[in-house]
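Okay, so here's the structure we're looking at.
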């Protein structure tokens with residue numbers, strides 16, 4: 001997970017997030033089968049999140065997302081927290097695999113948010129490079145609570161699943177080869193930027 005800086009909320013959310021959240025809560029209380037929708041604000045929200053993450057997934061950091069099925073992730077799931085469904089700080093640009101966490105969220109062991117001021121990859125995680133790939137592990141130099149939060153983040157977003165360790169190794173190999181050949185590419189042109197720093 002790369003650190004991301006939260007940019008200003010889209011106007012549609014500034015004006016409507018409370019009202020839409022209350023409506024969603026009421027609709028689900030009256031009809032559990034009610035379908036969530038974005039009130040035609042999806043494109044505006046997605047564009048801001050795209051800018052915020054430089055077209056990378058907020059959690060696994062794969063790119064490019066816009067061309068390959070980006071979604072908007074509710075960090076705190078909308079079914080459990082309907083009042084936060086349209087809250088800007090609860091929304092993240094996300095790939096379909098990271099989106100699979102669905103409604104899982106543990107209040108006792110909160111996963112990490114890449115836009116938190118105190119967040120840094122090196123603080124919470126370490127990389128474990130093996131012949132099979134590059135695995136993300138909790139940083140054992142941190143407190144037990146911080147290690148648990150890192151472990152929960154890895155588990156929820158499947159950061160060591162979906163052939164990601166192998167893909168990270170391939171990206172690192174490409175990055176090293178580009179450097180060897182003197183190719184200067186912007187780091188945002190690579191997936192898994194956190195392994196390149």
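The values are calculated or read from the model by the stated rules, or taken from the named source; none is laboratory data. Being a predicted model, the structure only gives us computed values, none of them experimental. Heads up, the Cβs are rebuilt from the backbone with ideal geometry, glycines too, and the neighbour counts pull from every protein chain shown.
Any idea which of (1) closer than 29 Å to residue 171 by Cβ; (2) not in a helix (DSSP H, G or I) is the one residue 36 doesn't satisfy?
If we test residue 36 against (1) closer than 29 Å to residue 171 by Cβ; (2) not in a helix (DSSP H, G or I), just (1) comes out false.
Taking the stated definitions as given, is residue 24 in contact with a strand residue (DSSP E or B) (Cβ under 6 Å, 6 or more places away or on another chain) and surrounded by 16 or more Cβ atoms within 10 Å (Cβ to Cβ)?
It is false that residue 24 is in contact with a strand residue (DSSP E or B) (Cβ under 6 Å, 6 or more places away or on another chain) and surrounded by 16 or more Cβ atoms within 10 Å (Cβ to Cβ).
Counting only residues that are farther than 18 Å from residue 130 by Cβ and in contact (Cβ under 8 Å) with a residue 60 or more places away in the chain, how many does the range 159-188 have?
Residues that pass the stated criteria total 1.
Can you tell me how many residues in the range 152-197 are surrounded by fewer than 16 Cβ atoms within 10 Å (Cβ to Cβ) and part of a helix (DSSP H, G or I)?
Qualifying residue count for the region: 12.
Every residue in the range 69-95 that is surrounded by fewer than 17 Cβ atoms within 10 Å (Cβ to Cβ) and either under 21 Å from residue 121 (Cβ atoms) or not assigned by TED's automatic domain parsing to the domain that holds residue 33 (or both), please.
Matches in the range 69-95: 89 only.
Name the one entry in 75, 81, 135 that is over 28 Å from residue 39 (Cβ atoms) and in contact with a strand residue (DSSP E or B) (Cβ under 9 Å, 6 or more places away or on another chain).
Going through 75, 81, 135 in turn, the sole match is 135.
For the range 81-128, name all the residues that are more than 26 Å from residue 68 (Cβ to Cβ) and part of a strand (DSSP E or B).
126, 128
Pick out the one residue from 18, 3, 66 that is farther than 27 Å from residue 150 by Cβ, under 16 Å from the mean Cα position of the chain (by Cα) and either surrounded by fewer than 17 Cβ atoms within 10 Å (Cβ to Cβ) or outside the structural domain of residue 165 (by TED's automatic domain parsing) (or both).
Checking each option against the conditions leaves just 66.
Among the residues of the range 39-63, count how many are assigned to a loop (DSSP other than H, G, I, E, B), over 12 Å from the mean Cα position of the chain (by Cα) and under 30 Å from residue 108 (Cα atoms).
0
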